[in-house]
Amino acid sequence: MKKYFFAKLMMLAMMAVVAITFTACGGDDDDLNNGISGSATTWVEPYLRWDATLDQIKADMAAQGWTAQVSEGNILQYGNNSRYPGVTMNMGVLNSRTNTLSTTQVAYMNVPSDFFNKILSEVVTRYNATWESTGRIYSGKGVANDKDVSITVTNAASTVLVQFVRR
């Protein structure tokens, strides 16, 4: 069980590095944001249907107006939702026992300076999160859809990342 939990945390850390790399380089000539533009100004409900398979996630996200940006193996990235400019959502189906959703990350790009605190407040209210903080990184635990989750909220440049990993 400890190995499984450690593997999930490692995947979460890898997703954070990838997301920070792809979102913090917005001024580069390369389109590393996969065409995502605009400024995030509102909370976006993350996809937290823990029993969902890849096909179910794809159908649900399309029905909600999200455009697939990346679909490689067990990793999906969505963006370009006209209701939520400047937001991408990444999902990983990494639970090898059930082949269902195990991690979700929401990246809010080009955010106003007070947005980080608003997101922290939303996460505490919605998921009963408890935190430990290290500078601009808050990590802890909470409950999402009746499942225990690890939650990390990070602020890098003008990007706020919120990550959920089913425990």
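The values are calculated or read from the model by the stated rules, or taken from the named source; none is laboratory data. Bear in mind that the values here come from a model prediction, so they are computed numbers and not experimental data. Methodologically, a virtual Cβ is constructed for each residue, glycine included, from the backbone with ideal geometry; neighbour enumeration extends over all protein chains shown. In case anyone asks, the SASA skips ligands and DNA or RNA and just uses the protein heavy atoms, side chains included. Shrake-Rupley method; radii C 1.70, N 1.55, O 1.52, S 1.80 Å.
Before moving on, here are some points about what is shown:
- Using θ = phi - 60° in the Karplus curve 6.51 cos²θ - 1.76 cosθ + 1.60, the 3J(HN,Hα) couplings for the stretch 117-127 round to 5, 5, 5, 4, 4, 4, 5, 4, 5, 6, 10 Hz; x is entered for Gly and Pro.
- As a calculated quantity, the FRET efficiency between residue 118 and residue 56 at R0 = 25 Å, using C-beta atoms, amounts to about 0.25.
- Note on residue 113: accessible area approximately 110 square angstrom, rounded to 10, probe 1.4 Å, nucleic acids and ligands left out.
- Distance (nanometres) between label positions extended 7 Å along Cα→Cβ at residue 99 and residue 72: 2.2
- Solvent-accessible area, 1.4 Å probe, carbon plus sulfur percent, for the stretch 51-165: 45
- For residue 44, no residue 5 or more places off, or on another chain, has a built amide H under 5 Å of its own.
- Difference of contour (0.36 nm per residue) and Cα-Cα distance, residue 137 to residue 63: 23.4 nm
- Local electrostatic count, residue 144, Cβ distance below 9 Å [Lys/Arg +1, Asp/Glu -1]: +1
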